[in-house]
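The values are calculated or read from the model by the stated rules, or taken from the named source; none is laboratory data. Just so you know, these numbers come straight off a predicted model, no measurement behind them. No Cβ is skipped: glycine too gets one built from the backbone with ideal geometry, and neighbour counts run over all protein chains shown.
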Amino acid sequence: MLPFARVSVIGLGLIGSSVARAVRQHMPTVRLTGHDADPTVRATAERLQLCDDIADTAGAAVTDADLVLLCVPVGAMGAAAAEFAADLPADAIVSDVGSSKAGVAAALRAALPDAQIVPAHPVAGTENSGPEAGFASLFHGRWCILTPVEGTNPAAVARVEAFWQALGANVETMTPEHHDLVLAVTSHLPHLIAYTIVGTASDLEQVTCSEVIKYSAGGFRDFTRIAASDPTMWRDVFLANKDAVLEMLQRFSEDLTALQRAIRWGDGDALFDLFTRTRAIRRSIIEQGQDEARPDFGRSHE
Ligand SMILES: NC(=O)c1ccc[n+]([C@@H]2O[C@H](COP(=O)([O-])OP(=O)(O)OC[C@H]3O[C@@H](n4cnc5c(N)ncnc54)[C@H](O)[C@@H]3O)[C@@H](O)[C@H]2O)c1
Ligand SMILES: O=C(O)C(=O)C[C@]1(C(=O)O)C=C[C@@H](O)C=C1
């Protein structure tokens, strides 16, 4: 049996449109309704036939939903939920896909004090955004982390878990705080580093007259992909997950200083040991099938 029969997706960008495509593919009988605050995105969603209906207001999108999935930037979650609060059916489950969880859970609870809320984070994405960037296989073999708080109905958690499993994801459950700490180091810090290194190189470009672009080979190019990620999304993530990101950044700065010292003092063993350890980590990620350099990654998937 399907976990939900009528799903509303609020926010039809990369993740919302990928969810819509994946629902169509894996649960074709589900009635899908979509809404986006941006009329251009709504028009594109209509043209791509992402949903059965595209509603002009968030309220109209949720009136008969049994799952409402918020796919908007984390800083917009509270406002987006408040827009449909008055129209939400009493038995509907509300979930989201935000990249940070503690702040989002609090914002959703404040906007929807009586709703069943099961926050979630599919750990899958690309540097692209918008409804045309989505694709149905985005969640295949990826993790989706659920962060229910105490008192959440276990049956609601089980239905959201079954939903993500039906889209091809592996589901894990943890507290919002633990999620935010783990993701600060595995996702948020790498983005901050990429934004920094590409920014630094671009400042240098003034000096080197475009050599940075001209000779950018593998290493720098990989950073530019990450640094091309959506500015609104990442601004919101860093503001929402401030404490965990700052803590991880402190640890990172200390390790960077140790590396700086090893280079200054010619400590080749320290460099070699670290690089050997990090190479093993990369290889174990590939062995576990978590490598993002899969053939279909980051292209159009329709
Ligand atoms: N991009 C990724 O790699 C990735 C991966 C996992 C989770 N996420 C999370 O998914 C969410 C969406 O990210 P995305 O990459 O799809 O972004 P996106 O920019 O592609 O899409 C976001 C959409 O939300 C709409 N929107 C903004 N405020 C709204 C509101 N109040 N009501 C209705 N619509 C509104 C925008 O118009 C836009 O179309 C974010 O919370 C992000 O943290 C992103
Ligand atoms: O591969 C990318 O482009 C991503 O940034 C995906 C990525 C990640 O850091 O792993 C980014 C943010 C999400 O919340 C989940 C996934």
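Being in contact (Cβ under 8 Å) with a residue 12 or more places away in the chain, over 30 Å from SER100 (Cα atoms) and surrounded by 15 or more Cβ atoms within 10 Å (Cβ to Cβ) is true of ALA270. In region 144-159, the residues that are modelled with pLDDT of 95 or more reach residues that are hydroxyl-bearing (Ser, Thr, Tyr) with C-beta atoms within less than 6 angstrom, at least six apart or across chains, in these pairs: LEU146/THR173. Beta carbons closer than 6 Å, at least 6 apart along the sequence or on distinct chains, pair a first residue in region 58-83 that is charged (D, E, K, R) with a second that is within 11 Å of ligand 1 (Cβ to nearest atom) and assigned to a helix (DSSP H, G or I) for GLU83/ALA58.
The residues of region 135-164 that are more than 17 Å from the chain's Cα centre (by Cα) and of a type in the set (S, T, N, Q), listed by number, are THR152, ASN153.
Specify the residue that is farthest from ligand 2 (Cβ to nearest atom); the eligible residues are those in region 97-131 that are assigned to a loop (DSSP other than H, G, I, E, B) and touching a His at 6+ places or on another chain (Cβ under 7 Å).
LYS101
Among the candidates ASP38, ASP56, the residue that is within 22 Å of the chain's Cα centre (by Cα), surrounded by fewer than 18 Cβ atoms within 10 Å (Cβ to Cβ) and farther than 17 Å from ALA92 by Cβ is uniquely ASP38. Kindly check whether there is at least one residue in region 102-111 that is of a type outside the set (Val, Ile, Thr), modelled with pLDDT of 95 or more and near ligand 1 (Cβ under 8 Å from one of its atoms). No, region 102-111 contains no residue that is of a type outside the set (Val, Ile, Thr), modelled with pLDDT of 95 or more and near ligand 1 (Cβ under 8 Å from one of its atoms).
Can you find a residue that is assigned to a loop (DSSP other than H, G, I, E, B) and crowded, with 22+ Cβ neighbours inside 10 Å anywhere in region 157-164? The answer is no; no qualifying residue exists. The number of residues in region 132-156 that are of a type in the set (Phe, Trp, Tyr), buried (at least 17 other Cβ atoms within 10 Å of the Cβ) and not in a helix (DSSP H, G or I) comes to 1.
Considering the conditions (1) part of a helix (DSSP H, G or I); (2) closer than 30 Å to ARG31 by Cβ, ALA201 is excluded by exactly one of them, (2).
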